[in-house]
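Written out below as structure tokens is the structure these notes cover.
The values are calculated or read from the model by the stated rules, or taken from the named source; none is laboratory data. Here the structure is a predicted model, which is why all the values come from computation and not from measurement. As a convention, Cβ positions derive from the backbone with ideal geometry for all residues, glycine included, and neighbour counts pool all protein chains shown.
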Amino acid sequence: MAHSCGRESRRRGLHGQRWLPIFMPDALSQKGELMPRWTPDDIRWDRFDRDKLDPDLLRLVKAAALTEFNAARYTQYLNNVFSDDEEIAQSVSLWQLEEEQHGRSLGRYAELADPDFDFAAAFRLFQEGYVIPVDVTQSVRGSRVGELLARCVVEAGTSSFYSAMGEATGEPVLQQICKQIAADEFRHYRLFLDGLKKYQSRENVSLAARIRVAVGRVLEADDDELAFAYHCGNEPESPYDRGRCNAAYGSRAYRLYGYHHAERAVAMIFKASGLKPQGWLARQTSRWAWRRIQARALGAPT
Ligand SMILES: [Fe+2]
Ligand SMILES: [Fe+2]
């Protein structure tokens, strides 16, 4: 997912050196233009099996399509924060193309599975109601390291989410889409992690400050973005109720996860934060995360 810049985001107010080489050489077309590694034409849409369609997963797909397709606005923010870094600007451009492609593919899937779903109309509603501030020149995380760390947390979350959904579904087209997207999200994590290392050698942000950013970004997973996307994608005719939509989204999303997904996401976030990804603290945190995931799957407050 592309996903917001976090807690600073508010609906109707506020609501990501071996940098470029991560994407190369596959990311260049024959004309030398940046391009994603796969396109919707690579998806075997003809294999769609309605009998294996899970309506709960379709609801998640509709919400995810909207947040993914909203990447362009967030790219503006990142380009402002890294305005003097041409390497990052190029990488973010390709990142945007890939995130938008995630949105387009998920939107197409949702329209295939539900002919009444209008992706363009749902996205208009989402974009009108969920505004990301882009007129900033510094990261809301206090440093470029903090910004890149927050992006790593998001990509750890999205790679886990698509891995979990791909394993949970028996529908072959959704399986293929999730596999492609999850691979992109893992690569995005590596991309931002490499940028983080580059800037950490310059900014030398303390471990405590990095942990604060990571924990803060994890807690923002419950902010308005996914709940509002769930509303726009699934029940636009009803009044928006953030608490109910947040619970409706969470109970469907978190039940997809297995312990191994929680464990891997924690390891990725620990690594980006500068903590041991396989140590005692990581194991304890994985257990805490797993309990939290199970509680959200049951719809319980956490
Ligand atoms: Fe994505
Ligand atoms: Fe991503």
Review point. Val145 versus (1) within 16 Å of ligand 1 (Cβ to nearest atom); (2) modelled with pLDDT of 95 or more; (3) farther than 26 Å from Ala227 by Cβ; (4) not polar (S, T, N, Q): which is the lone unmet condition?
Key: (1)
Point to revise | Flag if Ala227 is away from ligand 2 (no atom under 16 Å from the Cβ), under 23 Å from Leu281 (Cα atoms) and in a helix (DSSP H, G or I) | key: no
Practice item. Report yes if Ala208 is surrounded by fewer than 18 Cβ atoms within 10 Å (Cβ to Cβ) and either in contact with a Gly (Cβ under 9 Å, 6 or more places away or on another chain) or not charged (D, E, K, R) (or both), otherwise no. Key: yes
Practice item. Scan segment 201-211 and give yes if some residue there is in contact with a helix residue (DSSP H, G or I) (Cβ under 7 Å, 6 or more places away or on another chain), within 16 Å of ligand 1 (Cβ to nearest atom) and in a loop (DSSP other than H, G, I, E, B), otherwise no. Key: no
Review point. Is there a residue being surrounded by fewer than 20 Cβ atoms within 10 Å (Cβ to Cβ) and either farther than 24 Å from Ala168 by Cα or charged (D, E, K, R) (or both) anywhere in segment 226-235?
Key: yes
Point to revise | Count of segment 135-148 residues which are assigned to a helix (DSSP H, G or I), more than 15 Å from ligand 2 (Cβ to nearest atom) and of a type in the set (A, V, I, L, M, F, W, C) | key: 1
Practice item. Among the residues of segment 97-134, write down those that are away from ligand 1 (no atom under 16 Å from the Cβ) and assigned to a loop (DSSP other than H, G, I, E, B). Key: Asp114, Pro115, Asp116, Phe117, Asp118, Tyr130, Val131, Pro133, Val134
Practice item. Scan segment 214-226 and report the pairs whose first residue is more than 12 Å from Val154 (Cα to Cα) and hydrophobic (A, V, I, L, M, F, W, C) and whose second residue is assigned to a helix (DSSP H, G or I) and modelled with pLDDT under 90, with Cβ atoms within less than 9 Å and a gap of 6+ or a chain change. Key: none
Exercise for review: Could you figure out which of (1) assigned to a helix (DSSP H, G or I); (2) more than 16 Å from ligand 1 (Cβ to nearest atom); (3) within 24 Å of Pro36 (Cα to Cα) isn't true of Ser83?
Suggested key: (1)
Review point. Are any of the residues in segment 66-75 within 16 Å of ligand 2 (Cβ to nearest atom), surrounded by 24 or more Cβ atoms within 10 Å (Cβ to Cβ) and part of a loop (DSSP other than H, G, I, E, B)?
Key: yes
Review point. Within segment 64-76, is even one residue away from ligand 1 (no atom under 15 Å from the Cβ) and at pLDDT below 90?
Key: yes
Check your understanding: Taking the stated definitions as given, is Ser163 within 12 Å of ligand 1 (Cβ to nearest atom) and part of a helix (DSSP H, G or I)?
Key -> no
Check your understanding: Any idea how many residues of segment 172-187 are away from ligand 2 (no atom under 16 Å from the Cβ) and among the polar types (S, T, N, Q)?
Key -> 2
Exercise for review: Please find, among Arg202, Arg210, Arg217, the residue that is under 13 Å from the mean Cα position of the chain (by Cα) and not β-branched (Val, Ile, Thr).
Suggested key: Arg217
**Study point:** Meets criteria (basic (Lys, Arg), modelled with pLDDT under 95 and closer than 22 Å to Leu58 by Cβ) for Arg244
**Key:** yes
Exercise for review: Test Leu275 against the stated conditions and say whether it is farther than 26 Å from Ala168 by Cα, at pLDDT 95 or above and not in a helix (DSSP H, G or I).
Suggested key: yes
Exercise for review: Determine whether Glu86 is charged (D, E, K, R) and either modelled with pLDDT of 95 or more or within 11 Å of ligand 2 (Cβ to nearest atom) (or both).
Suggested key: no
Review point. Out of Val173, Val153, Val131, which single residue is within 28 Å of Ala110 (Cα to Cα) and modelled with pLDDT under 95?
Key: Val131
